[in-house]
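Accompanying notes for the structure given below.
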Amino acid sequence: MAVEAPNFMTSMTVLYQKVGTSRGLGLPFLASVTCMYPQQDGQSCYLETRFDRRLRMFGSVMFTIMNGGLKAVVWTDVVQTFSMFGALVLVAIKGTIDLGGADVVFQSAWNTGRLERPNFDINPTTRHTFWSQLIGGFVYWLQTNAVSQNMIQRYLSLPSVAAGRRALWIFVFGVCLLMSLCSYCGLLIYATYQNCDPLTTKLARAKDQLLPLFVMDILRDLPGLSGLFVAGVFSAALSSLSTCLNSMSAVILEDFVKPFVHKPLSQRTINWIMRSVVVGVGSLCAALVFVVEKMGTVLQLTMSLEAITNGPLLGTFTIGILIPWVESRSALTGGIFGVIFMSWLSLKAQYWVATGTIVFPHKPMSVDGCTYEFDRSLVNATSTSVYTTDDIFPLFRVSYMWYTFLGAAVTILVSLLCSVLIFGRNDPKTVSPDLMAGFVRRYIHGPDVTLNERGATNASGKNGKTLHESAL
């Protein structure tokens with residue numbers, strides 16, 4: 001529902017994010033994932049091994065705020081995948097048949113400029129450009145799949161790095177196919193409502209309501225199918241939410257409770273702690289629904305708020321893997337500064353979006369073909385904000401596609417400055433070779449370096465995993 005709206009309102013430029021997606025999903029195994037395989041406990045353990053426990057706690061806090069761990073039921077993800085693809089294919093086929101064929105859909109999009117060449121504008125305040133989709137999309141998906149605990153634990157559950165690579169490329173194909181289906185559905189929605197815009201008439205009060213409205217319209221003559229579609233959407237969302245809630249309870253128990261308890265916890269106590277966390281966080285998520293509905297489209301909101309923690313977290317891991325002369329205090333200072341900076345930028349920008357001050361232009365829409373009554377005064381309604389977009393500080397108008405990149409860049413820059421000006425440089429040779437990317441390892445320790453005993457032992461332990469040197 002979040003991807004279809006940009007294609008309905010503007011154009012298919014958001015689809016160019018697939019180029020960045022394929023690169024952002026393909027690179028993790030070239031450096032970060034391979035470095036984490038010896039740890040076998042995921043991203044937090046890597047941070048503690050590369051830096052110290054303070055960085056592990058920092059990573060756990062960032063992870064707890066915005067994500068969850070694995071501990072997932074694999075079959076739940078399988079059902080979720082089939083549910084998503086099945087629902088989209090159903091909508092695409094039925095909607096295309098009703099309109100008279102795919103050529104009608106694409107012709108309508110072409111005539112109104114929704115199929116267009118890439119926008120090569122280098123202005124970072126332009127919402128969707130080729131560069132924001134390529135670079136910003138690459139960094140966003142790099143973080144999601146290279147340093148996210150959700151994905152790292154999935155990789156580590158596989159028997160070898162090679163198996164992880166295969167799973168990753170299958171995921172690349174699946175994501176690109178899913179985004180293509182969503183984009184096509186967006187064009188399908190436009191072709192259906194091009195002469196009677198439901199957003200203008202307030203038949204749909206938010207952009208993310210376009211797909212459910214479309215489904216109700218095209219499936220109204222097929223009893224039960226619209227209900228199955230809605231049930232599929234909710235089951236997919238609830239399966240992801242339940243996974244994150246259960247995994248988050250495990251992370252809080254391991255990193256925020258056990259380290260501060262002097263005697264072992266009983267199984268009864270552990271169960272009560274984990275269940276209390278699930279209930280508390282679940283209640284908070286339900287309450288935040290009333291806030292989220294006033295803060296713009298789900299896609300932009302998700303990428304904007306995630307960048308508060310994901311950008312600094314990506315920067316911290318980049319430092320650990322690629323910049324071995326930065327020590328723990330510098331990395332921690334950079335991470336904290338990155339979180340503060342991105343909180344200020346993201347929350348302030350979302351405030352201006354929610355108040356209607358920052359308005360994103362869209363392609364012309366029409367209501368001339370509407371067959372139902374609505375308030376005609378809504379057609380020319382404008383924002384009542386006392387400010388205009390040009391009055392807003394330019395940094396707050398930067399495209400949300402750059403947010404994760406900015407968070408990582410600020411974290412790395414501050415860490416480097418702290419290393420030079422305050423805390424001093426770390427001796428790169430004191431960093432274990434298996435904690436670095438392959439090309440950094442060879443540069444620091446020489447081309448004939450071998451992995452230390454700890455990494456070799458972990459790599460050939462009882463779980464049978466094999467550690468391969470990074471292709472970088």
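Residues that are open to solvent by less than 20 Å² (accessible area, probe 1.4 Å) and touching a Gly at 6+ places or on another chain (Cβ under 6 Å) were ranked within region 218-247; the one that is modelled with the lowest pLDDT is Ser247. Counting only helices (runs of 4 or more DSSP H) that fall entirely inside region 18-121 and contain at least 1 residues that are at pLDDT below 70 and either of a type in the set (Gly, Ala, Ser) or within 23 Å of Val431 (Cβ to Cβ) (or both), the qualifying elements are 32-36, 43-50, 53-66.
Pairing each residue of region 167-186 that is touching a residue at least 40 places away in the same chain (Cβ under 8 Å) with any residue that is open to solvent by 40 Å² or more (accessible area, probe 1.4 Å), provided the two are 6+ apart or on different chains, yields C-beta distances under 6 Å for Cys176/Lys18; Met179/Lys18.
Mind counting the residues in region 191-205 that are open to solvent by less than 40 Å² (accessible area, probe 1.4 Å) and out of contact with any Pro (no Cβ under 6 Å at 6 or more places or on another chain)?
Here is the first cut: in region 191-205, the ones open to solvent by less than 40 Å² (accessible area, probe 1.4 Å) are 191, 193, 196-201, 204.
Still in the running and out of contact with any Pro (no Cβ under 6 Å at 6 or more places or on another chain): 191, 193, 196-201.
Result for region 191-205: 8.
In region 404-449, what residues are in the same structural domain as Glu306 (by the TED database), of a type in the set (Gly, Ala, Ser), crowded, with 22+ Cβ neighbours inside 10 Å and within 25 Å of the chain's Cα centre (by Cα)? Scanning region 404-449 gives Gly407, Ala408, Ser415.
The values are calculated or read from the model by the stated rules, or taken from the named source; none is laboratory data. The structure presented is a predicted model; accordingly, all values stated were derived computationally and were not measured. We place every Cβ from the backbone using ideal geometry, glycine too, and count neighbours over all the protein chains shown. Surface areas here come from the heavy atoms of the whole protein model, side chains and all, with no ligands, DNA or RNA. Shrake-Rupley method; radii C 1.70, N 1.55, O 1.52, S 1.80 Å.
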